[in-house]
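The values are calculated or read from the model by the stated rules, or taken from the named source; none is laboratory data. Here the structure is a predicted model, which is why all the values come from computation and not from measurement. Reconstructed Cβ throughout: ideal geometry from the backbone, glycine too, with neighbour counts over all protein chains shown. To get the accessible areas, we keep the full protein, side chains included, count just its heavy atoms, and leave off ligands, DNA and RNA. Shrake-Rupley method; radii C 1.70, N 1.55, O 1.52, S 1.80 Å.
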Amino acid sequence: MVIILKKDSDKAQLDSLVNWLSGKGVEVHKTVGTTQTILGLVGDTSRLDIDLISAMEIVEAVRRVQEPYKSAGRKFHPEDTVIKVGDTQVGGGTLTLIAGPCSVESEEQICEIAKSVKASGATMLRGGAFKPRTSPYSFQGLRGEGLRLLSIAKKLTGLPVVSEIMDISQLPLFDDVDVIQVGARNMQNFELLRELGQAKKPILLKRGLSSTYEELLMSAEYIMAGGNEQVILCERGIRTFETYTRNTMDVAAAPVLKELSHLPVIIDPSHSSGRSALVAPLACAAVAAGADGLIIEVHNDPPHALCDGPQSIRPQAFDALARRLHVLSDAMRQAV
Ligand code: PEP
Ligand code: MN
């Protein structure tokens with residue numbers, strides 16, 4: 001971090017700032033010019049409050065030269081993180097295909113979808129049990145019962161399962177869930193992130209509706225700071241002025257996040273678009289952009305789905321898409 005002081009700054013104030021910074025455990029290198037002084041800080045500056053320093057009377061400007069996300073960042077961890085989930089892995093060249101309904105609705109529904117996506121090459125099964133719905137009158141998910149049905153589908157197919165947690169009090173119900181999803185609306189629920197830092201399971205962290213890459217990585221940092229290094233980043237579309245699609249898929253998220261971070265990155269073309277017809281082209285774009293995988297909503301009867309029917313594709317469409325994605329992913333690998 002570099003602190004640029006105002007011209008002709010007061011010597012007593014400068015000494016007091018240098019002492020205060022040294023007390024925070026960072027080395028301070030002072031460069032005194034004819035009219036302006038610059039302080040170069042070396043060491044762990046991640047705990048320094050940049051806004052507090054910027055607001056000091058003698059400070060002109062503060063520049064970070066290092067990212068504030070030390071654990072999630074690539075700088076101190078150059079090699080890609082690969083996360084093992086059951087017999088599969090996320091990252092490390094595997095094309096992760098997480099497929100399943102937005103919500104678990106019944107044993108028959110989740111088992112039928114699980115069998116078909118497994119046959120099409122899905123590596124994990126998704127299914128929401130706790131649903132963050134905009135309206136309190138919409139279907140809220142089967143909650144604990146939904147997770148029980150998801151376990152049945154897991155046993156039937158052998159597919160590891162992914163499901164969303166909304167509150168840490170629900171954690172005991174997630175014993176048989178392999179990957180815990182933190183949804184877009186909870187990306188900055190810092191208490192939840194902190195608690196999940198103690199969990200011994202991978203966390204699928206979705207980008208908030210209007211969050212920057214840095215904010216997403218800082219949320220990953222919350223989980224990692226607690227000791228849980230198994231974080232999968234997920235781009236799920238962001239809010240823009242466009243209303244034709246439910247959200248706007250930010251395809252740049254894949255290469256940008258992979259450049260800034262060693263964590264695996266997957267893309268959700270279903271919530272990104274809100275339209276089943278757009279899922280296949282966006283999924284292809286995600287793989288072409290270097291994503292480690294996709295999370296796709298698949299339903300056996302989309303018109304009657306209790307949640308997110310318009311963006312759900314049918315099992316047959318998923319089967320065709322999975323084939324195309326593998327061809328694309330192999331071609332990408334061969335071309336490198
Ligand atoms: C979901 O995966 O069904 C979901 C609610 O996702 P998001 O948090 O991205 O809206
Ligand atoms: Mn959904």
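In the set 98, 110, which member is within 22 Å of residue 276 (Cβ to Cβ), within 15 Å of ligand 1 (Cβ to nearest atom), out of contact with any Phe, Trp or Tyr (no Cβ under 7 Å at 6 or more places or on another chain) and in a helix (DSSP H, G or I)? Exactly one residue qualifies, and that residue is 110. Looking at the structure I just gave you, is residue 91 more than 16 Å from ligand 1 (Cβ to nearest atom), on the phi > 0 side of the Ramachandran plot and either outside the structural domain of residue 203 (by TED's automatic domain parsing) or open to solvent by less than 10 Å² (accessible area, probe 1.4 Å) (or both)? Taking the combined requirement at face value, the residue satisfies it.
Among the residues making up the stretch 262-276, those that are away from ligand 2 (no atom under 16 Å from the Cβ) and touching a strand residue (DSSP E or B) at 6+ places or on another chain (Cβ under 6 Å) are 263, 264, 265.
Among the residues that make up the stretch 125-139, is at least one of them touching a helix residue (DSSP H, G or I) at 6+ places or on another chain (Cβ under 9 Å) and of a type in the set (Val, Ile, Thr)? No, the stretch 125-139 contains no residue that is touching a helix residue (DSSP H, G or I) at 6+ places or on another chain (Cβ under 9 Å) and of a type in the set (Val, Ile, Thr). Sub-8 Å Cβ pairs linking a first residue in the stretch 309-336 that is over 12 Å from residue 287 (Cβ atoms) and at pLDDT 95 or above to a second residue that is open to solvent by 50 Å² or more (accessible area, probe 1.4 Å) and not in a helix (DSSP H, G or I), at least 6 apart or interchain, are 310/275; 311/246; 311/275, ordered by first then second residue.
Here residue 144 passes the criteria (1) open to solvent by 20 Å² or more (accessible area, probe 1.4 Å); (2) under 25 Å from the mean Cα position of the chain (by Cα); (3) within 15 Å of ligand 1 (Cβ to nearest atom); (4) small (Gly, Ala, Ser) except the one numbered (3). Residues in the stretch 35-68 that are under 23 Å from the mean Cα position of the chain (by Cα) and either of a type in the set (Gly, Ala, Ser) or modelled with pLDDT of 95 or more (or both): 1 in all. The sole residue among 163, 116 that is within 13 Å of ligand 1 (Cβ to nearest atom) and modelled with pLDDT of 95 or more is 163. Quick one: in the stretch 18-34, which of the residues that are over 37 Å from the mean Cα position of the chain (by Cα) and open to solvent by less than 70 Å² (accessible area, probe 1.4 Å) is modelled with the highest pLDDT? So, considering only residues that are over 37 Å from the mean Cα position of the chain (by Cα) and open to solvent by less than 70 Å² (accessible area, probe 1.4 Å), the one modelled with the highest pLDDT is 18.
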